Amino acid sequence: MKHQLFDTNVHIATGGRTFNNDGEVLVFIHGSGQSHLTWILQSRYFAYRGYQVLAPDFPGHGLSGGTPLDSIEAMADWIIALLDSLDVNAACLVGHSQGCLVTIDAAARYPDRVARVGLIAGALAIPVNDHLLSLSDKALSKAIQAMISWGHGPMGHMHDNTQPGHSFLGFGNQLMAANNQNALKNDLIACNKYKNGEDSASKIQQPALCILAEKDKMTPLKFGQQMANTLIRGQVTVIESAGHMLPAEFPNEVNTALRNFLNETDKS
Amino acid sequence: MSGDYKFDTLSLHAGHVPDERHGSRAVPIHQTTSYVFKDTEHAAALYNQELGGHLYTRISNPTIAVLEQRIAALEGAVAATATASGMAALATALLVLCSQGDHIVASSRMYGANINLLENTLPRFGITTSFIDPNDLAGIENAIQPNTKVIFGEVIGNPGLDIMDVEAIAKIAASAGIPLMLDCTFNTPWLLKPLELGANLIIHSLTKWIGGHGVAIGGVVVDGGNFDWGQNDKFSNIAGPHYAMDGINFYEEFGPAAFTAKFRAEGMYNFGPSLSPTNAFHILQGMETLSLRMQCHMDNTAKMLEFLVGHDAVAWVRHPSLPDHPGHELAKRMMPRGAGSIIVFGLKGGRDAGRAFIESVELASHLANVGDAKTLVIHPASTTHSHISAEAMVEGGLSDDMIRISVGLEDFTDIKADFELGFLAAAKKLKLKE
């Protein structure tokens, strides 16, 4: 759906259903240089299982207008503002990669607005090496190719896709290339400078599920487990053979783990 | 995995990981029409595109999906959808892109069936085409109308061997807000990956070099994912609500794979141009050796050109790697590994000498195919292009004496000896006439 927030036209995928703030709201928060398309196989799946789904494109990403936000805190504030603008009191936030930092920050600072937490391929900090930062500024297509290559595990590189005929690498490259030129650079800088992950995560009282990838090269498994250990009510599911882009690579496993978590945990 | 797999590795492996239960190393043939749903929720989810997976082989199939994913990997595409033939791929792609009242700009130098479809069949459904010389860039640009939905052509024209300037025409298409779709049958991704030069959609007849063995007909539509279907109001069938699935908007829902989603949901669903799983398996066997075969095709083509150009019986020879070909420099730049293994030539003595030649060769097969591992010969004017008008023949750069060779993988000394026999027969025919 199209939505206006802070004078910016925002695109929000709702999984093919009309959004209704009466039900339980799931907000899917994309990672660096990504968009709502990270969640193709989650948004529709949960929208048709009784959840009210919001998978927004941050400003300057996907089909949203505006310029990219410059810090994780600003992104967390933006998500809460989005909930305000849609009259949503509380939602379950589900982040991927950078989206995990946003989710952690929002859950810690706005505990009344975040009912439950899903953290997919995340860590308490996501430092970015200078080479990738430089590429994102001066050679964007190379930065995108590097991230798509590192971001996918063995199944991705073997093009073994649950969506018949699709290539993970080809799709990932085009998804990222469609964003605002500065989107990836801004996102990587925001990740690099965010230092509150551990402090914020240790304050989160809400039930939290960490879905981690065994072959994750971008937020390696041991850092994901550290994140889970820091959360007061953290649970962990590790998906074997998966790379960082596991919502696309292993959608059925991600959806099952998240659905079970949502079914089993209370909302308080 | 230390980096992205290279072309030869992808040709062997892409799209397939042995299943845990059986461990079959070769791609299994899933010769089935249908797939057992786990429960009613699973069935509904597959129909509603909430999950990836297969529900009916008209739409998708596990063996065919391996082939599609392998092609997508080799082309650097977001997705590919296989069809029963190259013509099924082209016709279905155009019917997904165009509606009544729409217009196409197409190369005038193409395969006879491609021209027939655009010139004679699609106008019956209100879709018209302007045919333009593929070398006339200004002509292509000027032919674009407000209702034009696509520019279409063959990278290496069949059989005239005209070369399209992919990068230049892609820029024309992009500035007009329409996609460039190319038939890349003659070049294969081993010679050229047109998506890297800005093309948006690719058609292959998989029957030809990609299969390479002449045992299975197949085609594919490759989606580059590099065209913004929502940039204007020309493509509301892709960037607007679909008639089913609660009005799904493929552009918003699938982003770079929007065309493929529409192609599968409408093209495969409603027209049903499905490939047989067994044919997909056969084509996959061919793909495993694509690099090796293409290198040998190029080597033998170079030897054949040297042989023909220096032969007394030959009146003329055309191939993009010859310096007198108008597309020579362009072909060298775009396809440094070679410009395909089709050669056309004429014999002294014209059409009658050509007929004698074709009827006398023994190793080379006289048949209506190209890209086989075996050397093939044909007379286009009386066969593959016999259904197009005399004007279109001239417009397409075809002559009555033209013989088309698809250079195969035999030991070249044997092909050469066979052609010498044919030339002898042609010379006798010429003498008898005198």
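FYI, it's all coordinate maths here, none of it is from the lab. This one's a predicted model, so the numbers in the text were calculated from it and none came from an experiment. Cβ sites come from the backbone with ideal geometry, for glycine too, and all protein chains shown count toward neighbours.
Solvent-free Debye calculation, one equal scatterer per alpha-carbon of chain A: log10 I(q)/I(0) at 0.10, 0.12, 0.16 Å⁻¹ equals -0.42, -0.63, -1.22. Full extension of the chain between B:His42 and B:Phe125 yields a length gain of 26.1 nm, computed as 0.36 nm times the residue separation minus the alpha carbon distance.
By the count of other C-beta atoms within 10 Å, a proxy for reagent exposure, B:Thr188, A:Thr14 are ordered fewest to most as A:Thr14, B:Thr188.
Among A:Ser35, A:Ser134, A:Ser43, the largest mean-square fluctuation in a Gaussian network model of chain A (Cα springs under 10 Å) belongs to A:Ser134. Of all complete DSSP H helices in chain A, those with a Cα span along the helix axis of 15 Å or greater and a mean Kyte-Doolittle hydropathy of 0.5 or more are A:72-85, A:98-109, A:140-151.
Using Cα pairs under 8 angstrom and six or more residues apart, how large is the relative contact order of region B:290-433, in percent? Please report the intermediate quantities before stating the final value.
Working: 223 pairs, mean separation 41.9, N = 144.
Reported as a whole number, the value is 29 percent.
The slack in the chain from B:His328 to B:Thr278, taken as 0.36 nm per residue of separation less the alpha-carbon distance, amounts to 14.1 nm.
The antiparallel fraction among DSSP beta bridges confined to region B:7-286 stands at about 45%. Looking at the protein assembly as shown alone, DSSP beta bridges between its own residues are antiparallel in about 45 percent of cases. Taking label positions 7 Å along the Cα-Cβ direction at both B:Ser382 and B:Asp136, the computed distance is 3.2 nm, reported to one decimal.
Across chain B, the mean sequence separation of Cα contacts (distance under 8 Å, 6 or more residues apart), normalised by length, yields a relative contact order of 17 percent. For region B:118-152 and region A:56-76, what is the centre-to-centre distance using only Cα atoms, to the nearest Å? Here the answer is 41 Å between Cα centres. Within region A:2-264, antiparallel bridges make up roughly 20 percent of the DSSP beta bridges whose residues both belong there. Residue exposure proxy: B:His16, B:His213, B:His204, ordered by other Cβ atoms within 10 angstrom of their Cβ from fewest to most, comes out as B:His213, B:His16, B:His204.
Would you order A:Asp70, A:Asp22, B:Asp228 from fewest to most other beta-carbon atoms within 10 Å of each residue's own beta-carbon?
Fewest-to-most ranking of A:Asp70, A:Asp22, B:Asp228: A:Asp22, A:Asp70, B:Asp228.
With 0.36 nm allotted per residue and the present C-alpha distance subtracted, the A:Asn21-A:Ala146 stretch has 41.1 nm of extension available. Taking the centroid of alpha carbons for each part, region B:407-432 and region B:226-279 are 50 Å apart.
With viscosity set to 0.692 mPa s and temperature to 37 °C, compute the Stokes-Einstein D of chain B, Rh being the Kirkwood radius across alpha carbon pairs; µm²/s, no decimals. Spell out each step's value before the answer.
Numbers: Rh = 22.6 Å.
In µm²/s, the coefficient is 145.
Taking the convex hull of the alpha carbon positions in the protein assembly as shown and averaging its projected area over all directions gives 30.6 nm².
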